[in-house]
Amino acid sequence: MIPKNIYAIIVNWNGKDDTLVCLSSLKKIRKRRDIHLSLLVVDNGSTNDSVAVIRQKHPEVTVLETGENLGFTGGNNYGMRYALDRNADYVWLLNNDTIVDPHVLDLTDAFRGAVGVAGSKIYFASGHEYHRDRYSEKDRGRVLWYAGGSIDWANMYASHRGVDEVDAGQYDEASETDFITGCSMMISRGVLEKIGLLDDAYYLYYEDLDYCLRAKKAGFRLVYYPQSVLWHVNAGSSGGSGSPLHQYYQTRNRLLVGVRYASARTKIALFRESIRFLIHGSDIQKKAVCDALIGKWGKQYGT
C-alpha cells in the first residue's frame, strides 16, 4: 500500500499561541498506514517571535517564511505550491486557531468518485460561542460552527448549516454541500491541477466560497464529512467577528462573488445595496464598496 501524501497547511500571522495549540493537537491524531501527513506552517510575515518559538517547540514541522502578510489566500497558496512541488496527493487547509480530534484525518475517506473538496464538522471552541450565555456548561464544546454550507443566491449570502445549534447528531450524515469552509478544507491534487490555487483578489474571506464554486463548475463534488471533527476559536487572527478588518473584507468580497456568480437580478440588488452603504454605511463599508466599484482587490485594508 502506497500511503496518500497529505500536506496540512497552517498559516500563521503573529498567532504563535493558537498555532502551538493546533500543532500539539495534530501530534495526537490517530496514525493511519494509508496516510503520510506532513505539517507545514506558513508564517505570513509575523512581527513577533512566532517562527523561532514554533521551530523550537515543534522541530518536526516545516516552517516557511513569506516575509510579508500575504493574507489567507497568499499564505495558503505559498504553502500549496510547496506541497505540490513535493508530490502532495492532497492539501489540507487548516486554520491555526483550531484544535483537531484524533480521528480528524478520516476526512480522507470522503474522497470517492468525483469528490474533489471535503470539509469537517466544526464546533466552536468551548467558551468561544457567539452566544455564550445561551448554553449550559455540558453543551460547551458541542455547539456547531459548521456542518455544511448553503448559499442564498437571492441575497448573496453564504451561511453555515447548523451554526449555534447544540450537536445532537442531526448532521451526522455525510452529504454534498454548497461550499466547504477554508477553516478545514481538504483538496485533491486533481482539483488543484485543473483549477489552480486560491484567488488572491480576495486576500481574506470568501476565497473558500469562490474556490468551491470554481471546483463545482469544473465537475468536482464537495462533501461535508462529519466523521472528521475539530474545534474553532473563530476569527482569531483577524480580530474576531465584527472587527474592522472582518467588516471590510466581508463587505468587499461579497460583492466580488456576486459579480462573478450571481444572477442579473441579484447583481442589481447588490448594486442598490452598495449605494445605500455609500450613503448611510459606516466608513469601513463605504471604503469596501468604493474599492469594489473601482476594482481594488487583494490587500487594501489593515496590516
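The values are calculated or read from the model by the stated rules, or taken from the named source; none is laboratory data. Computed from a predicted model, the values in this text were never measured in an experiment. Here Cβ is always computed from backbone atoms with ideal geometry, including for glycine, and neighbour counts include all displayed protein chains. Side chains are part of the model used for accessible areas, which takes the heavy atoms of the whole protein and leaves out ligands, DNA and RNA. Shrake-Rupley method; radii C 1.70, N 1.55, O 1.52, S 1.80 Å.
A compact table of results
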| item | result |
| --- | --- |
| Nearby lysines by direct alpha-carbon distance to K296 (threshold 22 angstrom, same-chain neighbours under 8 apart not counted) | K267, K286, K287 |
| Contact order normalised by residue count of the chain, Cα under 8 Å, 6+ apart, percent | 20 percent |
| On Cα atoms only, tilt of 16-26 relative to the major axis of the chain in degrees | 50 degrees |
| Value of relative contact order over the range 1-116, rounded to a whole percent, pairs C-alpha under 8 Å and six or more apart | 40 percent |
| Top positive-direction residue, dipole computed over the range 1-157 with Cβ charges, set N44, M1, S25 | M1 |
| Global geometry of the range 253-295, whether rounded, prolate or oblate, following the gyration tensor of its Cα atoms and the 1.5 cut on a/c | oblate |
| Relative packing of 182-188, 218-224, 96-102, which averages over residues the other C-beta atoms within 10 Å, highest first | 182-188, 96-102, 218-224 |
| Crossing angle, helix 283-293 versus the chain [Cα axis fit, 0-90 degrees, rounded to tens] | 90 degrees |
| Segment K57-K267, length gained on full extension (0.36 nm per residue, minus Cα span) | 70.7 nm |
| Contour minus Cα-Cα distance for K216 and I279 (0.36 nm per residue) | 19.0 nm |
| Relative frequency of Cα-Cα separations exceeding 29 Å in the chain, percent | 34 percent |
| Between the range 280-297 and the range 92-139, the alpha-carbon center distance in angstrom | 32 Å |
| Trypsin sites (Lys or Arg not before Pro) within the range 7-42: DSSP coil, no more than 16 neighbouring Cβ in 10 Å | K27, K28, R30, K31, R32, R33 |
| Residue of W92, W153, W13 that the Gaussian network model of the chain assigns the largest fluctuation, springs spanning Cα pairs under 10 Å | W153 |
| Within the accessible area of the chain (1.4 Å probe), percent carbon and sulfur | 51 percent |
| Lys, Arg +1 and Asp, Glu -1 on Cβ, resulting dipole of the chain about Cα centre, debye, nearest 20 | 540 debye |
| Positive dipole terminus of the chain, leading residue within S126, Y224, V61 (C-beta point charges) | Y224 |
| Relative packing of peptides 124-132, 164-172, 207-215, 284-292 - highest average C-beta neighbours within 10 Å first | 207-215, 284-292, 124-132, 164-172 |
| Residue-normalised accessible area of the range 1-74, given per residue in Å² at a 1.4 Å probe | 49 Å² |
| Subset of K31/K138; K16/K57; K194/K217; K28/K57 violating a 18 Å alpha-carbon distance limit | K31/K138 |
| E65-S243 FRET efficiency (beta carbon distance; Förster radius 22 Å; 0.05 resolution) | 0.30 |
| Amide proton proximity set for L64, modelled H, under 5 Å, gap of 5+ | V41, V42, D43 |
| Degrees between helix 207-217 axis and first principal axis of the chain (Cα, 0 to 90, nearest 10) | 80 degrees |
